[in-house]
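A quick write-up on the structure given underneath.
The values are calculated or read from the model by the stated rules, or taken from the named source; none is laboratory data. The structure presented is a predicted model; accordingly, all values stated were derived computationally and were not measured. Cβ: placed from backbone, ideal geometry, glycine included. Neighbour counts: every protein chain shown. For accessibility, only protein heavy atoms count, side chains too; no ligands or nucleic acids. Shrake-Rupley method; radii C 1.70, N 1.55, O 1.52, S 1.80 Å.
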Amino acid sequence: MGKKPDGAPPDRTEHPPLKAPDTHLHPRPRSTARLRAMRLAVSTVFFVTGAAFATWAARVPAVQDRLDLSAGELAVALVGLSGGAFVGLPLVGGLVARYGSRAVLCVGMAVYLAALAGLAFVPGLALLTVTLALFACGNTAVDVAMNTQGVLVERAYGRPVLGGFHAMFSLGGIVGAGVGGLVASAGVGTGPHFAVTAAVLCAVAAWAATALVPEERRTERAAQDSGPLLALPGPGLWIPGLVAFCALMGEGVVNDWGAVYLHEVTGASAGLAGVGFAVFSAGMVVGRLSADRVRSRVGTTRFTLGCAAVAGAGALVPIASPTVLAGFVGYGLLGLGMAAVIPVVFSHAADLNPARPGPAIAAVSAVGYVGFLAGPPVIGALTEATTLRTAMLVLPALMVTMAALSASMRGR
């Protein structure tokens, strides 16, 4: 066979659609071993991030009891958590564009884990709210940067792998929640638990940072062309942003109110209520491990529609039958359905703006975290006005909205 003429389209088998057309964004790995090392490093960062968040989520009741907070005061503190994420997101995208995802990830991880350790020692509501805001800011920096790293690895592989990275986040959530349940049962306080966990995770993250995807140093001209510091959604990013809004609002509701629902509505013990979060995370792991393969077969639109249907069914089960078993089944389905929505939306957004994936991911995340910001206080307000069981009808409503929005997305 002769050589192809210049400008001829590459063979699909040689250059899959996900391969980046802008190769200046990162150097191509020179060996399979190097590529695998970068994939392992990014997977580790996702795991650490999930474990750190689950450490906090599993001990929320302990922090609430230590500070003697009412449900309303806890809701105020959780606004600090969501608000910190929302405020930081538009800035993070611009920082990634200017300084690279690797640098932003390292700084963000340091803030994230330091704040985790500090959450166990705050003396009152005001400092808890501020520390949660710092915790969220660090988390959002890591979130955008590690997803940008994941997109770069995905492009190097030439096939979907981002769902697998998010599976590692969920696996970290299972481990973090499991350890949290064990130490709580053993009577270990949040002080030593959070401090030791933060130190261990920091060491693991430091190792992973040495093998992250390398990015070329930006020249002065490249820095000038990196765009504005604030990353806001462009015309093509609003639909995926709104899909992320529904998914993150639903995930935030389960994270912050799921255990409370199991305890107060279904009568689950404190220990079983904590297991509910682990069941939800397990559903996330299963969904994300299979997401890349399924999405490549059915496309983005059909995949997100299916996710909305499964999650919607899961949201209705514990409402229709308020029992512990139904709660576990529902949370498992919710995790399975919502598992891959965010990685698919992030990958879709990065594909729409291949030259600047970080700002695209941050812009979509900013819209999504409006939902994360609104979710906990909305459920709290509705619970005060009606009942927690009625308030949780927000979840199936979100899934219906997500299905409608997904029909407008065009998979690639």
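Filter the stretch 81-114 for residues that are farther than 16 Å from residue 248 by Cβ, without any contact (Cβ under 8 Å) to a residue 60 or more places away in the chain and open to solvent by less than 10 Å² (accessible area, probe 1.4 Å) and give the result.
108
Regarding residue 68, is this residue open to solvent by 30 Å² or more (accessible area, probe 1.4 Å), at pLDDT 90 or above and not aromatic (Phe, Trp, Tyr)?
Yes: the conditions hold for residue 68.
Each row is one residue, and each column tells you yes or no for (1) open to solvent by less than 10 Å² (accessible area, probe 1.4 Å); (2) within 21 Å of residue 99 (Cβ to Cβ); (3) at pLDDT below 90.
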site: 128; (1), (2), (3): yes, no, no
site: 131; (1), (2), (3): no, no, no
site: 137; (1), (2), (3): no, yes, no
site: 148; (1), (2), (3): yes, yes, yes
site: 154; (1), (2), (3): yes, no, yes
site: 157; (1), (2), (3): no, no, yes
site: 160; (1), (2), (3): no, no, yes
site: 164; (1), (2), (3): no, no, yes
site: 171; (1), (2), (3): no, no, yes
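Modelled with pLDDT under 80 and open to solvent by less than 100 Å² (accessible area, probe 1.4 Å): is that true of residue 220 in this structure?
no
Taking the stretch 175-194 as the region of interest, how many residues are open to solvent by less than 50 Å² (accessible area, probe 1.4 Å), touching a residue at least 40 places away in the same chain (Cβ under 8 Å) and not small (Gly, Ala, Ser)?
Residues in the stretch 175-194 being open to solvent by less than 50 Å² (accessible area, probe 1.4 Å), touching a residue at least 40 places away in the same chain (Cβ under 8 Å) and not small (Gly, Ala, Ser): 3 in total.
If you check residue 329 against the conditions, is it open to solvent by 20 Å² or more (accessible area, probe 1.4 Å) and at pLDDT below 90?
no
When the stretch 54-65 is examined, which residues are found to be buried (at least 24 other Cβ atoms within 10 Å of the Cβ) and of a type outside the set (Ser, Thr, Tyr)?
Correct list: 54, 58, 59.
Would you mind stating whether residue 25 is out of contact with any Leu (no Cβ under 6 Å at 6 or more places or on another chain) and modelled with pLDDT under 90?
Criteria met by residue 25.
So which pairs qualify, if the first residue must be in the stretch 298-314 and aromatic (Phe, Trp, Tyr), the second must be assigned to a helix (DSSP H, G or I), the Cβ gap must be under 8 Å, and the two must be at least 6 apart or on different chains?
303/291; 303/294; 303/295; 303/344
Tell me which of these residue 207 doesn't satisfy, since it passes every other one: (1) modelled with pLDDT under 90; (2) closer than 22 Å to residue 150 by Cα.
Only one criterion in (1) modelled with pLDDT under 90; (2) closer than 22 Å to residue 150 by Cα is unmet by residue 207, namely (1).
Search the stretch 254-267 for residues being among the hydrophobic types (A, V, I, L, M, F, W, C) and under 22 Å from residue 53 (Cβ atoms), and hand back the single one that is surrounded by the fewest Cβ atoms within 10 Å (Cβ to Cβ).
For the stretch 254-267, the residue satisfying everything is 260.
Please give the helices (runs of 4 or more DSSP H) falling wholly within the stretch 334-412 in which 3 or more residues are open to solvent by less than 10 Å² (accessible area, probe 1.4 Å).
Counting at least 3 such residues, we get 341-352, 357-385, 394-406.
Go through the residues of the stretch 117-126 one by one and say whether even a single one is of a type outside the set (Gly, Ala, Ser), modelled with pLDDT of 90 or more and part of a helix (DSSP H, G or I).
Yes, because at least one residue in the stretch 117-126 is of a type outside the set (Gly, Ala, Ser), modelled with pLDDT of 90 or more and part of a helix (DSSP H, G or I).
Name the pairs whose Cβ atoms lie under 8 Å apart, with the first residue in the stretch 195-216 and closer than 18 Å to residue 101 by Cα, the second assigned to a loop (DSSP other than H, G, I, E, B), and 6 or more positions between them or separate chains?
From the stretch 195-216, the pairs are 213/26; 214/26; 214/27; 215/26; 215/100; 216/26; 216/27.
Given the conditions (1) of a type in the set (Phe, Trp, Tyr); (2) farther than 24 Å from residue 347 by Cα; (3) part of a helix (DSSP H, G or I), which single one is not true for residue 47?
If we test residue 47 against (1) of a type in the set (Phe, Trp, Tyr); (2) farther than 24 Å from residue 347 by Cα; (3) part of a helix (DSSP H, G or I), just (2) comes out false.
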